[in-house]
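The values are calculated or read from the model by the stated rules, or taken from the named source; none is laboratory data. Remember, it's a predicted structure, so these values are computed and weren't measured experimentally. Cβ sites come from the backbone with ideal geometry, for glycine too, and all protein chains shown count toward neighbours.
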Amino acid sequence: MQLKLDNNVSQFAEEIESLSGLKVYDCYQCGKCSAGCPVGQFTEESPTRLIRLIQLNQKEAVLNSRTPYLCATCSTCSERCPMNIDVAKIMETVRILASREHVKSPVKEVAAFSGAFLDSVKSNGRLFEFGMTISFNLRNLTPLKDAMLGPVMLQKGKLALWPRSIKNKERIKRIFEKSSYFEPRAESTGKKEH
Amino acid sequence: MAYGYYPGCSLHSTAKEYGMSLMAVCRKLSIELNEVEDWNCCGATPAHTTKEELGIALAYSNLLNASRQGLEEVLAPCAACYNRLKTAKYALNHSELLQKRMDEITGGKVEHEVKVFNILEFFRDIYGQDNLKAAILKPLAGLNVACYYGCLLVRPSKVVNFDDPEDPQSMDELIRLLGGTSVNWSCKTECCGGSHAIPETDIVLELGKRIFSSAQSAGAKMIAVACPLCQANLDMRQHQINEKYKTDFKMPVVYITQLMGLALGISPVELGLNSHFVSTGELVKQF
């Protein structure tokens with residue numbers, strides 16, 4: 001990958017810092033997060049590299065990276081970071097920011113899954129797994145994916161065929177309508193101290 | 001003893017044997033569980049990776065219902081639900097701005113603290129190890145178990161503040177208390193791939209293969225879990241792992257409450273041990 005670098009401060013790093021409340025510049029590239037990442041073999045940019053790209057103001061590359069979508073949110077990286085950077089939270093922040101800026105997800109399957117899952121919760125208040133799986137398969141254009149598991153699950157009583165909705169669906173509607181992409185953070189928390 | 005209970009979506013469907021076995025164990029031990037009224041989905045991974053406030057608000061809405069019901073202690077057996085409820089509590093404890101937003105979004109305020117417990121904490125700290133030990137009728141003698149904690153029970157440690165994030169012991173202690181043997185192995189907190197099972201199945205198969213290889217070489221005959229995602233990924237996908245990697249794993253993946261139930265003398269059917277993809281026949285035969 002060829003990077004266009006300038007000598008200015010990374011506006012993108014400042015943006016991530018103010019959105020997440022985390023200190024991106026604290027990372028000194030030790031690589032511990034990447035060493036423990038369970039999905040490392042499936043991604044192009046390691047977490048270490050993704051953070052370096054943020055420090056180098058490479059917003060477009062970061063928002064189009066597959067890494068934040070393939071992150072399994074296991075938090076091994078956050079747990080092991082010697083600088084206490086919540087790396088998994090940075091992945092989450094990048095994903096949410098990409099969504100807010102309408103950047104198309106580079107991993108369409110994960111986007112389709114999230115969409116199908118949240119639609120189900122939005123309409124029933126609870127996850128209706130059977131409906132969600134069908135909805136995912138339709139969105140993903142893989143109508144028969146995991147179809148062989150269905151009959152066995154049904155036979156074992158592990159698959160409900162009808163959704164069970166909650167009583168007060170208004171409150172769920174309200175939560176979906178009113179929730180913002182990011183929680184509010186005081187001005188000072190996002191500023192870097194270097 | 002009566003406690004609040006947040007089952008979450010899985011315990012009513014794909015993880016029904018987790019719910020069944022928990023109920024059977026509680027009946028046996030005279031523990032009364034009061035379901036959080038009209039509870040909703042915690043939002044799981046899709047909510048908090050889509051909108052930060054959505055992830056918090058869906059979880060918070062349940063804490064709100066619990067507090068209105070007067071529940072002070074809530075058991076969340078699903079590790080993913082447990083993690084989301086604890087995350088909401090942690091985030092709110094650290095930000096008054098967020099608390100204000102949650103009041104606006106949900107139109108309510110949690111009036112008193114609602115403590116949230118995972119399954120291992122609940123039986124260790126609330127019910128008590130001595131009480132449990134006294135109720136054992138059929139010790140799990142000769143069972144070699146790999147205790148698999150996965151991610152969400154123990155990480156992020158600053159949020160859940162439970163056990164050791166890299167080498168937890170609470171489930172191992174419980175297995176030993178039940179009379180079984182917990183094996184030493186290196187994958188107890190490795191990730192199973194979580195919600196990638198549907199969109200990125202290959203990741204889950206690869207991670208599952210590593211987990212089974214490690215458990216097998218440590219001499220385990222089964223894997224014990226406390227998370228519906230871990231259970232589904234390892235049990236339901238085991239034959240796909242065998243097909244893809246030409247392996248021959250036949251390892252039952254059982255909920256910790258199912259093993260507790262066996263030790264308490266509850267019948268395998270009542271514990272849902274017949275609803276697994278990988279046969280639990282060898283295990284059940286001994287009880």
Review point. Going by the structure shown, is residue B:287 farther than 13 Å from residue B:17 by Cβ, touching a residue at least 40 places away in the same chain (Cβ under 8 Å) and assigned to a loop (DSSP other than H, G, I, E, B)?
Key: yes
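Looking at B:204, B:154, can you tell me which residue is free of Cβ contacts under 8 Å to residues at least 40 places away in the same chain and over 17 Å from the mean Cα position of the chain (by Cα)?
Numbers: B:154 fails: over 17 Å from the mean Cα position of the chain (by Cα).
Answer to the selection: B:204.
Here are some residues: B:276, B:196. Which one is within 21 Å of the chain's Cα centre (by Cα), crowded, with 21+ Cβ neighbours inside 10 Å and without any contact (Cβ under 8 Å) to a residue 24 or more places away in the chain? Lay out the reasoning, then the answer.
On the way: B:276 fails: without any contact (Cβ under 8 Å) to a residue 24 or more places away in the chain.
Criteria check complete, one pass: B:196.
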Practice item. Looking at (1) within 12 Å of chain A (Cβ to nearest Cβ); (2) within 16 Å of the chain's Cα centre (by Cα); (3) of a type in the set (A, V, I, L, M, F, W, C), find the lone condition where residue B:85 falls short. Key: (1)
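Inside the range A:140-155, can you point out the residues that are buried (at least 17 other Cβ atoms within 10 Å of the Cβ) and touching a helix residue (DSSP H, G or I) at 6+ places or on another chain (Cβ under 8 Å)?
Within the range A:140-155, A:140, A:146 qualify.
For the range B:216-230, check the following and say yes or no: at least one residue is closer than 22 Å to residue A:42 by Cβ and of a type in the set (Gly, Ala, Ser).
no
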Practice item. Answer with yes or no whether residue A:73 is surrounded by 19 or more Cβ atoms within 10 Å (Cβ to Cβ), more than 10 Å from chain B (Cβ to nearest Cβ), among the polar types (S, T, N, Q) and under 10 Å from the mean Cα position of the chain (by Cα). Key: no
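What's the total number of residues in the range B:168-216 that are within 14 Å of chain A (Cβ to nearest Cβ) and outside any loop (DSSP other than H, G, I, E, B)? Steps first, answer last, please.
First, pick out the residues of the range B:168-216 that are within 14 Å of chain A (Cβ to nearest Cβ): B:168, B:186-211, B:214.
Subset that is outside any loop (DSSP other than H, G, I, E, B): B:194-197, B:201-211, B:214.
The number of residues fulfilling the criteria is 16.
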Revision key, fill the gap. Per the list (1) away from every other protein chain (no Cβ under 11 Å); (2) in a helix (DSSP H, G or I); (3) crowded, with 24+ Cβ neighbours inside 10 Å, residue check on residue B:67 breaks on (3)
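Quick one: which of A:152, A:107, A:87, A:94 is of a type in the set (A, V, I, L, M, F, W, C) and more than 24 Å from the chain's Cα centre (by Cα)? Give the steps one after another, and end with the answer.
On the way: A:107 fails: more than 24 Å from the chain's Cα centre (by Cα); A:87 fails: more than 24 Å from the chain's Cα centre (by Cα); A:94 fails: more than 24 Å from the chain's Cα centre (by Cα).
Matching residue, one of A:152, A:107, A:87, A:94: A:152.
Per-residue answers, yes or no, for (1) of a type in the set (A, V, I, L, M); (2) away from chain A (no Cβ under 14 Å); (3) touching a Gly at 6+ places or on another chain (Cβ under 8 Å):
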residue: B:93; (1), (2), (3): no, no, no
residue: B:96; (1), (2), (3): no, no, no
residue: B:101; (1), (2), (3): no, no, no
residue: B:115; (1), (2), (3): no, yes, no
residue: B:126; (1), (2), (3): yes, yes, no
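Quick one: which of A:164, A:171, A:139 is farther than 30 Å from residue A:57 by Cβ, facing chain B (nearest Cβ under 8 Å) and at pLDDT below 95?
Values: A:171 fails: at pLDDT below 95; A:139 fails: facing chain B (nearest Cβ under 8 Å).
Only one candidate passes the filter, namely A:164.
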**Study point:** Options A:123, A:65: the member that is polar (S, T, N, Q) and buried (at least 22 other Cβ atoms within 10 Å of the Cβ)
**Key:** A:65
Check your understanding: Which of the residues belonging to the range A:168-183 are under 24 Å from residue A:15 (Cβ atoms) and among the polar types (S, T, N, Q)?
Key -> A:179, A:180
Check your understanding: Which of the residues spanning the range B:45-64 are more than 7 Å from chain A (Cβ to nearest Cβ) and either within 19 Å of the chain's Cα centre (by Cα) or in a loop (DSSP other than H, G, I, E, B) (or both)?
Key -> B:59, B:62, B:63
Check your understanding: Restricting to the range A:101-127, what's the tally of residues that are assigned to a loop (DSSP other than H, G, I, E, B) and more than 8 Å from chain B (Cβ to nearest Cβ)?
Key -> 6
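Scanning the range B:86-145 for residues that are assigned to a loop (DSSP other than H, G, I, E, B) and without any contact (Cβ under 8 Å) to a residue 40 or more places away in the chain, which turns out surrounded by the most Cβ atoms within 10 Å (Cβ to Cβ)? Walk me through how you get there before you give the answer.
At the first step, the residues of the range B:86-145 found to be assigned to a loop (DSSP other than H, G, I, E, B) are B:94-95, B:107-114, B:118, B:135-143.
Pick out the ones that are also without any contact (Cβ under 8 Å) to a residue 40 or more places away in the chain and you get B:94-95, B:107, B:141.
Values: B:94: 12, B:95: 19, B:107: 14, B:141: 11.
Step by step, filter the range B:86-145, then rank; the result is B:95.
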Practice item. Please find, among B:32, B:73, the residue that is more than 10 Å from chain A (Cβ to nearest Cβ), within 12 Å of residue B:114 (Cα to Cα), more than 15 Å from the chain's Cα centre (by Cα) and surrounded by fewer than 20 Cβ atoms within 10 Å (Cβ to Cβ). Key: B:73
Review point. Taking interchain pairs and intrachain pairs at least six residues apart, which have beta carbon atoms under 7 angstrom, with the first residue in the range A:4-25 and more than 17 Å from residue A:100 (Cα to Cα) and the second at pLDDT 95 or above and of a type in the set (Gly, Ala, Ser)?
Key: A:24/A:13; A:25/A:13
Practice item. Could you look through the range B:217-258, keep only residues that are at negative phi and charged (D, E, K, R), and pick out the one that is nearest to the other protein chains (Cβ to nearest Cβ)? Key: B:237
Exercise for review: Scan A:90, A:96 and give me the residue that is in contact (Cβ under 8 Å) with a residue 60 or more places away in the chain, facing chain B (nearest Cβ under 9 Å) and assigned to a helix (DSSP H, G or I).
Suggested key: A:96
Practice item. Filter the range A:23-45 down to residues that are more than 14 Å from chain B (Cβ to nearest Cβ) and under 21 Å from residue A:109 (Cβ atoms) and give me whichever is surrounded by the fewest Cβ atoms within 10 Å (Cβ to Cβ). Key: A:44
